[in-house]
Amino acid sequence: MIKEVIIKGVIKIKPLKVSELNNYIKKIFSSDMILSNIQIEGEISNFKKHISGHLYFSLKDNNSLIKCVMFRGDALNIVSNLAEGQKIIAEGYVSIYERNGEYQLYIKKIKDNGVGELYEAYENLKIKLENEGLFESRFKKELPFLPSNIGVVTSPTGAAVHDIINIINRRFPSCKITIYPSLVQGMNAPKEIIKALKFLDNNEAIDLIIVGRGGGSMEDLFCFNDEDLARCIFNLKTPIISAVGHETDFTIADFISDLRAPTPSAAAELAVPDVEHLSHNLNSLYYDLKNSFKKHLRYRENSINIIKGELKYNNPYLKLRNNRQDLDMLLKDFVSSTDNNINEKFKSLVSLENKLQLLNPLLALENGYGILTNKDGDIIRSVESLKLNDIINIKIKNGELKVILKEIKKES
């Protein structure tokens with residue numbers, strides 16, 4: 001509210017507070033018929049979707065831009081997702097954000113009006129280089145594990161260069177940093193960046209390059225979508241990390257570099273290891289190796305003791321001594337077994353001899369019997385084999401008789 005004070009007939013305006021001025025301007029905006037219901041045509045730039053669901057971005061043309069906000073309730077009515085570089089027609093009202101004193105467009109409705117020229121150029125170049133295979137992983141060079149000298153291409157006055165230097169010095173103090181200052185925004189930036197990259201690539205001391213800058217709108221970062229710059233990055237002999245803008249920003253340089261970092265700070269962390277972490281890992285590996293070696297020694301010592309025991313058990317002298325005793329026992333058993341076997345065989349022979357004696361036909365001669373044989377010496381078993389006048393032999397106890405048969409009587 002404007003406050004008037006009359007002093008000696010002169011009207012003077014009392015000094016206002018900042019909030020009062022912003023509130024006054026807001027009332028002027030809201031009372032303007034055009035600003036209270038307006039349609040703006042432009043290209044989306046620096047698009048951000050807040051976790052709350054509110055949308056924040058800028059609308060721009062070739063000469064100007066205006067900040068925009070679309071609250072969650074209105075954003076839910078959007079049919080398709082908004083994208084960087086998209087041309088739209090936004091309907092809403094212009095007002096002032098009192099806390100910051102900035103005027104902005106509060107959007108209620110959005111109609112698609114095509115793709116912006118910058119975004120279209122970006123997409124066309126991306127498709128072209130991708131079809132040529134320049135984004136393929138087989139062309140990506142491996143980053144050195146322990147770089148000794150890192151070349152950095154960025155603005156010497158931006159926050160990015162300070163972040164990179166601080167992080168590298170903290171994580172890996174022994175690494176040298178070579179800064180090549182360059183424009184990182186505007187029409188002349190691609191040529192300067194190319195010149196810087198070629199200089200660092202020809203320096204044999206440089207074994208890794210970081211190129212990038214902090215965040216910004218799409219037009220601010222567009223110099224990293226240059227085709228000559230992309231082909232220069234592809235042809236570098238030195239591995240390169242691209243670190244352009246914020247995590248949600250993507251440029252052609254990101255796709256064609258050997259590694260893309262979401263931010264310059266992240267690029268510094270990816271470029272060098274943390275020396276404290278390395279030291280911790282080295283100590284851990286040392287103790288693991290030491291413990292492993294001790295276990296291996298104990299295992300070998302146990303193996304040697306086992307072998308010594310086996311050698312003692314298999315000592316040839318002990319074997320001979322034990323075998324000699326075993327041999328004596330075997331000999332004793334053999335002699336005993338042989339004697340027993342002989343005795344058994346002798347008894348068996350005596351028994352057989354007695355049986356033979358009982359079956360000896362000559363034994364019957366002792367009792368007055370005789371053995372009759374024919375002239376051929378065959379024993380005569382029946383009178384059927386005899387005839388009169390046959391000569392037979394009769395063996396008796398004291399000799400033999402030769403007899404001529406004069407009569408044969410057969411029993412009926």
Q.
Going through Glu142, Glu130 one at a time, which residue ends up being in a helix (DSSP H, G or I), charged (D, E, K, R) and touching a residue at least 40 places away in the same chain (Cβ under 8 Å)?
A. Glu130
Q) If Cys232 satisfies every condition in (1) closer than 30 Å to Lys191 by Cα; (2) touching a residue at least 40 places away in the same chain (Cβ under 8 Å) but one, which is the exception? A) (2)
Q | Scope region 300-351; condition surrounded by 10 or more Cβ atoms within 10 Å (Cβ to Cβ) and among the hydroxyl-bearing types (Ser, Thr, Tyr); matching residues | A | Ser303, Ser336, Ser337, Thr338, Ser348, Ser351
Q. In region 360-374, is there at least one residue being farther than 30 Å from Leu401 by Cα and aliphatic (A, V, I, L, M)?
A. no
Q) (1) out of contact with any helix residue (DSSP H, G or I) (no Cβ under 9 Å at 6 or more places or on another chain); (2) among the β-branched types (Val, Ile, Thr); (3) over 21 Å from Ser64 (Cβ atoms): which one isn't true of Ile89, the others all being true? A) (3)
Q. Can you spot a residue in region 72-88 that is over 45 Å from the mean Cα position of the chain (by Cα), surrounded by 14 or more Cβ atoms within 10 Å (Cβ to Cβ), of a type outside the set (Asp, Glu) and not in a loop (DSSP other than H, G, I, E, B)?
A. yes
**Q.** Candidates Val79, Val115, Val94, filtered to the one that is at pLDDT below 90, in contact with a helix residue (DSSP H, G or I) (Cβ under 9 Å, 6 or more places away or on another chain) and under 26 Å from Met218 (Cβ atoms)
**A.** Val115
Q) Condition test on Ile66, is it β-branched (Val, Ile, Thr), surrounded by 15 or more Cβ atoms within 10 Å (Cβ to Cβ) and either more than 30 Å from Asn225 (Cβ to Cβ) or touching a residue at least 40 places away in the same chain (Cβ under 8 Å) (or both)? A) no
Q: Could you list all residues from region 195-216 that are under 27 Å from Thr248 (Cα atoms) and surrounded by fewer than 19 Cβ atoms within 10 Å (Cβ to Cβ)?
A: Gly215, Gly216
Q.
Take the conditions within 31 Å of the chain's Cα centre (by Cα), more than 29 Å from Leu65 (Cβ to Cβ) and surrounded by fewer than 24 Cβ atoms within 10 Å (Cβ to Cβ) and apply them to Asp258. Does it pass?
A. yes
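The values are calculated or read from the model by the stated rules, or taken from the named source; none is laboratory data. Computed from a prediction, not measured in an experiment: that's the story for all the values here. FYI the Cβ positions are ideal-geometry reconstructions off the backbone, even for glycines, and counts take in every protein chain you see.
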